[in-house]
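K.L.:
I'd like to ask some things about the structure below.
The values are calculated or read from the model by the stated rules, or taken from the named source; none is laboratory data. All figures in this text were calculated on a predicted structure; none of them were measured in a lab. Here the Cβ is made from the backbone with ideal geometry for all residues, glycine too, and neighbour counts use every protein chain on show. Surface accessibility is based on the protein's heavy atoms, side chains included, excluding ligands, DNA and RNA. Shrake-Rupley method; radii C 1.70, N 1.55, O 1.52, S 1.80 Å.
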Amino acid sequence: MYFFSEPDSNFRIKGSRDPLGFQKIWQGLGRKIIKHVSTVSVNIKDFQVLSYAWYFFEDRDPKDFLSFFYKFEQACAFARAKYLPEDRFNGIDFVRKHLADKRFTFSTRRRDALLSNQKSYGIFGKYNRPFTDMGIKDHVDFRETMESSLIRKVNFQELKTKVDKLLNEKIIIMNEADIEIFSVMLKTLTNVERNFYSELILKAKGEHVQNELYELLQADKILASANSEFYLYSFVETLLTKKISMELKHFIIDIKEAEKVLMAHSTLFRRLQADSIWYKNSISEDPIFKFMPKKINYNYIDPVISNLNDSLNSPPYELAISLINRNKEVCKQKGQAPWIKLENGKLITCYPEGGRNISEFNFKTDFENNYFIPAYLTLFNQIKN
């Protein structure tokens, strides 16, 4: 008889997509230009849902907010799917499966949750941090902005009656006619809302280069439309042709030069993942190394980027080993197993997901990280248009 212990839940791959710890690096550079917007907080309607929920919740005990918000988010989700079919949000697959029911149940029960974890993967999980950092709920004009906008857009008393049910009842059932008002609430932005969100989402408090970027986009519709097909380097080069401050110029160039190094290393790592076993000679002969840049002539302030840049002058096998060691250290800090391990001179891939058989790339034009810029552009166009 054989007995097997339970696997150690801490020592395993958890689906991270940051095997080299680059996320913190590019986010740090991006935050110098885009202060609070995140890569996932890109739908102004989600900001609206959170704003209206806090407006209706008023001054109740904050610890009870989530139990109300789950139900409010569910009502808004069904209304968006039914009456705003072009809209996209987390949980839309669940809603579509139940949209034909005609009668919809909203509650904090697992069976009614939009997602496996509505708190983490829904609007609250994606938007609460930027929403709080931007100071939306605590702004002096918050309540007046929300109330005047709702009065302008919907039958306010009818909406309030429905929201009161979500506030005070544990299980609420509504039909298609009942939820339509939630879609009307979210369909448009009033001019007051546009001004409010422009000040808090698109601009930054105090002196910050995000405000300079905002003014540049205001004056240049072509630059503002770059989110539809975003290319990091062309956006950067266009910005550099504008009359901009030395501070913004410095940050933009830092991003451009950093991405060359980060992109080259992450591309090589994905190539290594694509094969199960590597020998020293197979690494040295792989065509991808013909496209790896040599050390870039730039003064990187971040010591990690500087070290990564120095390693670009290493022979192929040594460069590969330096990447494996970095992955090993990053995984150790997270309590995870390494994605690729060195064993008896061979590289053995343990976690191939994300690996790609890449034979060539262009480090001067290809990019992987976006530094929050397309997220900001997306919100800019939603708010302004």
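K.L.:
Which condition number in (1) aromatic (Phe, Trp, Tyr); (2) farther than 24 Å from residue 360 by Cα; (3) open to solvent by less than 20 Å² (accessible area, probe 1.4 Å) is the one that residue 251 fails?
P.N.:
If we test residue 251 against (1) aromatic (Phe, Trp, Tyr); (2) farther than 24 Å from residue 360 by Cα; (3) open to solvent by less than 20 Å² (accessible area, probe 1.4 Å), just (3) comes out false.
K.L.:
Can you go through 212, 158 and tell me which one is within 23 Å of residue 95 (Cβ to Cβ), of a type in the set (Asp, Glu) and in contact with a helix residue (DSSP H, G or I) (Cβ under 7 Å, 6 or more places away or on another chain)? I'd like the intermediate steps shown before the answer.
P.N.:
Numbers: 212 fails: within 23 Å of residue 95 (Cβ to Cβ).
That would be 158, the only listed residue that is within 23 Å of residue 95 (Cβ to Cβ), of a type in the set (Asp, Glu) and in contact with a helix residue (DSSP H, G or I) (Cβ under 7 Å, 6 or more places away or on another chain).
K.L.:
Considering only residues that are surrounded by fewer than 18 Cβ atoms within 10 Å (Cβ to Cβ) and not basic (Lys, Arg), look in the stretch 332-348 and name the one that is nearest to residue 252 (Cα to Cα). Even if it seems obvious, please write down each step before you answer.
P.N.:
The first filter runs over the stretch 332-348 and keeps only residues surrounded by fewer than 18 Cβ atoms within 10 Å (Cβ to Cβ), leaving 332-335, 337, 341-346, 348.
Those still in the list that are not basic (Lys, Arg) too: 333, 335, 337, 342-345, 348.
Details: 333: 30, 335: 34, 337: 35, 342: 37, 343: 41, 344: 43, 345: 41, 348: 38 Å.
Going through the qualifying residues, I end up with 333.
K.L.:
Answer with yes or no whether residue 39 is open to solvent by 20 Å² or more (accessible area, probe 1.4 Å), of a type in the set (Ser, Thr, Tyr) and either more than 25 Å from the chain's Cα centre (by Cα) or under 17 Å from residue 180 (Cα atoms) (or both). Lay out the reasoning, then the answer.
P.N.:
Details: open to solvent by 20 Å² or more (accessible area, probe 1.4 Å): yes; of a type in the set (Ser, Thr, Tyr): yes; either more than 25 Å from the chain's Cα centre (by Cα) or under 17 Å from residue 180 (Cα atoms) (or both): no.
Considered against the rule, which asks whether it is open to solvent by 20 Å² or more (accessible area, probe 1.4 Å), of a type in the set (Ser, Thr, Tyr) and either more than 25 Å from the chain's Cα centre (by Cα) or under 17 Å from residue 180 (Cα atoms) (or both), residue 39 comes out as no.
K.L.:
I'd like the residue in the stretch 273-290 that is touching a helix residue (DSSP H, G or I) at 6+ places or on another chain (Cβ under 6 Å) and open to solvent by less than 80 Å² (accessible area, probe 1.4 Å) and, out of all such residues, is farthest from residue 18 (Cα to Cα).
P.N.:
Pass one, the stretch 273-290, residues touching a helix residue (DSSP H, G or I) at 6+ places or on another chain (Cβ under 6 Å): 280, 283-284, 288-289.
Checking which are open to solvent by less than 80 Å² (accessible area, probe 1.4 Å) leaves us with 283-284, 288-289.
Details: 283: 23, 284: 25, 288: 21, 289: 22 Å.
Per the stated criteria, the residue is 284.
K.L.:
If you check residue 309 against the conditions, is it in contact with a Pro (Cβ under 6 Å, 6 or more places away or on another chain), in a helix (DSSP H, G or I), open to solvent by less than 80 Å² (accessible area, probe 1.4 Å) and among the polar types (S, T, N, Q)? Spell out how you get there, then give the answer.
P.N.:
Values: in contact with a Pro (Cβ under 6 Å, 6 or more places away or on another chain): no; in a helix (DSSP H, G or I): yes; open to solvent by less than 80 Å² (accessible area, probe 1.4 Å): yes; among the polar types (S, T, N, Q): yes.
No; evaluated as a whole, the condition is false for this residue.
K.L.:
Just the residues that are open to solvent by 40 Å² or more (accessible area, probe 1.4 Å) and of a type in the set (D, E, K, R), please, taken from the stretch 143-175. Working first, answer last.
P.N.:
Within the stretch 143-175, the first condition is being open to solvent by 40 Å² or more (accessible area, probe 1.4 Å), and the residues that meet it are 143-144, 147-148, 151-152, 155-158, 160-161, 164-165, 168-171, 173, 175.
Result: 143, 144, 147, 152, 158, 160, 164, 165, 169, 170.
K.L.:
Can you list residue pairs whose Cβ atoms sit under 7 Å apart, with the first residue in the stretch 349-369 being on the phi > 0 side of the Ramachandran plot and the second being among the charged types (D, E, K, R) and surrounded by 15 or more Cβ atoms within 10 Å (Cβ to Cβ)? Count only pairs 6 or more apart in sequence or on different chains.
P.N.:
354/270
K.L.:
Please find, among 78, 65, 57, the residue that is more than 27 Å from residue 198 (Cβ to Cβ), open to solvent by less than 20 Å² (accessible area, probe 1.4 Å) and among the hydrophobic types (A, V, I, L, M, F, W, C).
P.N.:
The unique qualifying residue is 78.
K.L.:
Which condition does residue 265 not pass, out of (1) open to solvent by 20 Å² or more (accessible area, probe 1.4 Å); (2) assigned to a helix (DSSP H, G or I), if it passes all the others?
P.N.:
The single condition residue 265 does not satisfy is (1).
K.L.:
Here is a follow-up. Do you know which residues across the stretch 58-71 are more than 21 Å from residue 105 (Cβ to Cβ) and assigned to a helix (DSSP H, G or I)? Spell out the reasoning first.
P.N.:
Looking only at the stretch 58-71, we keep the residues that are more than 21 Å from residue 105 (Cβ to Cβ), and these are 58-63.
Within the stretch 58-71, 62, 63 meet the criteria.
K.L.:
Of the numbered conditions (1) closer than 23 Å to residue 285 by Cβ; (2) assigned to a helix (DSSP H, G or I); (3) not small (Gly, Ala, Ser), residue 342 fails exactly one; give the number of that condition.
P.N.:
Only one criterion is unmet by residue 342, namely (2).
K.L.:
Follow-up. Regarding residue 329, is this residue acidic (Asp, Glu), modelled with pLDDT of 95 or more, assigned to a helix (DSSP H, G or I) and crowded, with 16+ Cβ neighbours inside 10 Å? Before the answer, list the steps.
P.N.:
Details: acidic (Asp, Glu): yes; modelled with pLDDT of 95 or more: yes; assigned to a helix (DSSP H, G or I): yes; crowded, with 16+ Cβ neighbours inside 10 Å: no.
No: the conditions fail for residue 329.
K.L.:
Can you name every residue in the stretch 186-224 that is among the hydroxyl-bearing types (Ser, Thr, Tyr) and open to solvent by less than 30 Å² (accessible area, probe 1.4 Å)?
P.N.:
So the first thing to find is which residues in the stretch 186-224 are among the hydroxyl-bearing types (Ser, Thr, Tyr), and the list is 188, 190, 197-198, 214.
Scanning the stretch 186-224 gives 190, 197, 198, 214.
K.L.:
Does at least one position in the stretch 349-368 carry a residue that is more than 30 Å from residue 225 (Cα to Cα), in a strand (DSSP E or B) and either at pLDDT 95 or above or of a type in the set (Ser, Thr, Tyr) (or both)?
P.N.:
Looking through the stretch 349-368, at least one residue is more than 30 Å from residue 225 (Cα to Cα), in a strand (DSSP E or B) and either at pLDDT 95 or above or of a type in the set (Ser, Thr, Tyr) (or both).
K.L.:
Now for a separate question. So the check is Cβ under 7 Å with 6+ separation or different chains; which pairs have a first residue in the stretch 235-246 that's closer than 18 Å to residue 208 by Cα and in a loop (DSSP other than H, G, I, E, B) and a second one that's open to solvent by less than 70 Å² (accessible area, probe 1.4 Å) and at pLDDT 95 or above?
P.N.:
242/216; 244/212; 245/209; 245/212
K.L.:
Out of the stretch 291-306, which residues are open to solvent by less than 60 Å² (accessible area, probe 1.4 Å) and free of Cβ contacts under 8 Å to residues at least 24 places away in the same chain?
P.N.:
306
K.L.:
So, in the stretch 370-385, how many residues would count as being part of a loop (DSSP other than H, G, I, E, B) and touching a residue at least 40 places away in the same chain (Cβ under 8 Å)? Break it down into steps so the answer makes sense when it comes.
P.N.:
In the first step, residues of the stretch 370-385 are kept if they are part of a loop (DSSP other than H, G, I, E, B); the result is 370-372, 385.
If we keep only those that are touching a residue at least 40 places away in the same chain (Cβ under 8 Å) as well, we get 370-372.
Adding up the residues that qualify gives 3.
K.L.:
Of all residues in the stretch 99-114, which are surrounded by 15 or more Cβ atoms within 10 Å (Cβ to Cβ) and not aliphatic (A, V, I, L, M)?
P.N.:
Across the stretch 99-114, the qualifying residues are 104, 105, 106, 107, 108, 112.
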